[in-house]
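Worksheet for the structure shown next.
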Amino acid sequence: ATSVQKNGNRTAQNTVDGIVHNAKYHLKCYTALQNRYRSYLSFPHLGPAVFLDEDTVRDLLTWDTLVPIIEGAMRAASDKKTVSVVQPPRTIMPVPTTDGFLMTMPGFSGGDNALACKVVTAFPKNSDKGLATINATILLFDPTTGRLAMIMEANEVTAWRTAAASVVATKHLSSDTNILAILGSGIQAKSHALAMDNSFNFNQIRVWSRNLSSAQSMCEFLREYGTEVVAYESGEECVKDADVIVTATYATSPILRWAWVKPGVHINAIGAGVNHHSELDEHLYRHSVIYTDTMASAKVELQGLAEFGVKIEGEIGDIVAGQITPNRQDITVFHSLGMAVEDAVTAKLVYDKYRANQQSEDLPEAQM
């Protein structure tokens, strides 16, 4: 009897010890998870600011998570009633000694709890030194205290959020997504090819560049991601019968003409040459319905179109919100100017994912 009683006591004690052990483990997990999700909302554990380089930023971004966030930001930016987005006009300061420029783009999104400022330098003479001519950095702040949370290199952010905005425009304006034509072979051209390929079921992707070898190099780059593309020597042949066209160049004269495109084509005009409307010819503008991301910037940066007598119909955010119903049989143009709020919400997404990864590493291993 005594032996049975001792065994019973030992079993009961083991059970109690197991319950206590499991309770402690789950408490640790709960605390870690609580800290993780609380950090998304109020940055409570803000320590020294974190620095992320381009490679890390790229690894933390995916199209499937970014596109909906950019779509929401575009809608919020167009909502003039709630005013949950603040983004003053970008400042551009010349640096006379180097022919360079320093630009700042501050932005806030209340819905995303995102406060950030992108600083961009443009130094054309860097190309002679084998250096990038444009470099961007984003400062992300705690919107409650104003404390610096993160510094990140932002060339990748710019490429990703710009392409994501074009995906949103294409979603709401294109009549078909069978053939995609991309004019250009730089960073924006590549990011647009990847974003469009991820978001739509194009049967054919074409690329043209003034230098055929550049177009071929871009095709080789995209094939590493599993994207099948074909390089074209002729821009006219590249866009023939295309359903969606992306222009992403520094062209100072038209590279896309009205006579080349089919009725109902949708065009994402991304390039920034001498002005923001150099890539398309005047006839194409006159036969298109034009939308942009921000009318405030368009009044300044697309002033030349007004001088042509060309009207801008509205913002993509208004279409997302159902305030404008486009006719998908029209030739449509999305003139992408870029918004600070897009940078802010993208930076916040990167920050949240980085914090989530850090917190998951702090979770104790499960013990049976």
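The values are calculated or read from the model by the stated rules, or taken from the named source; none is laboratory data. Bear in mind the structure is a predicted one, so any value in this text is a computation, not a measurement. Because the Cβ atoms are built from the backbone with ideal geometry, glycine has one as well, and the counts that use them run over all protein chains shown. To get the accessible areas, we keep the full protein, side chains included, count just its heavy atoms, and leave off ligands, DNA and RNA. Shrake-Rupley method; radii C 1.70, N 1.55, O 1.52, S 1.80 Å.
Yes or no: Ala163 touching a Phe, Trp or Tyr at 6+ places or on another chain (Cβ under 7 Å) and crowded, with 16+ Cβ neighbours inside 10 Å?
Taking the combined requirement at face value, the residue does not satisfy it.
Inclusion of Thr292 among residues that are open to solvent by 40 Å² or more (accessible area, probe 1.4 Å) and among the hydroxyl-bearing types (Ser, Thr, Tyr) is not warranted. Which residues, counting only those in the range 295-317, are within 24 Å of the chain's Cα centre (by Cα) and either of a type outside the set (Asp, Glu) or buried (at least 22 other Cβ atoms within 10 Å of the Cβ) (or both)? Passing the criteria: Met295, Ala296, Ser297, Ala298, Lys299, Val300, Leu302, Ile312, Gly314, Glu315, Ile316, Gly317.
Among the candidates Thr177, Thr144, Thr170, single out the residue that is closer than 26 Å to Leu115 by Cα and either touching a Ser or Thr at 6+ places or on another chain (Cβ under 9 Å) or surrounded by fewer than 20 Cβ atoms within 10 Å (Cβ to Cβ) (or both).
After ruling out the rest, the residue left standing is Thr144.
Criterion applied to Ala32, Ala77, Ala73, Ala23 was being assigned to a helix (DSSP H, G or I), at pLDDT below 85 and open to solvent by less than 30 Å² (accessible area, probe 1.4 Å), and the one residue passing it is Ala32. Look at Thr137 and say whether it is modelled with pLDDT of 95 or more and either surrounded by fewer than 24 Cβ atoms within 10 Å (Cβ to Cβ) or not in a loop (DSSP other than H, G, I, E, B) (or both). When the stated conditions are applied, Thr137 passes them. If a residue has to be open to solvent by 50 Å² or more (accessible area, probe 1.4 Å), touching a residue at least 40 places away in the same chain (Cβ under 8 Å) and closer than 30 Å to Lys80 by Cα to count, how many in the range 247-289 make the cut? Qualifying residue count for the region: 1.
Please tell me if Ser127 is open to solvent by 60 Å² or more (accessible area, probe 1.4 Å), under 20 Å from Ala248 (Cβ atoms), not in a strand (DSSP E or B) and not acidic (Asp, Glu).
yes
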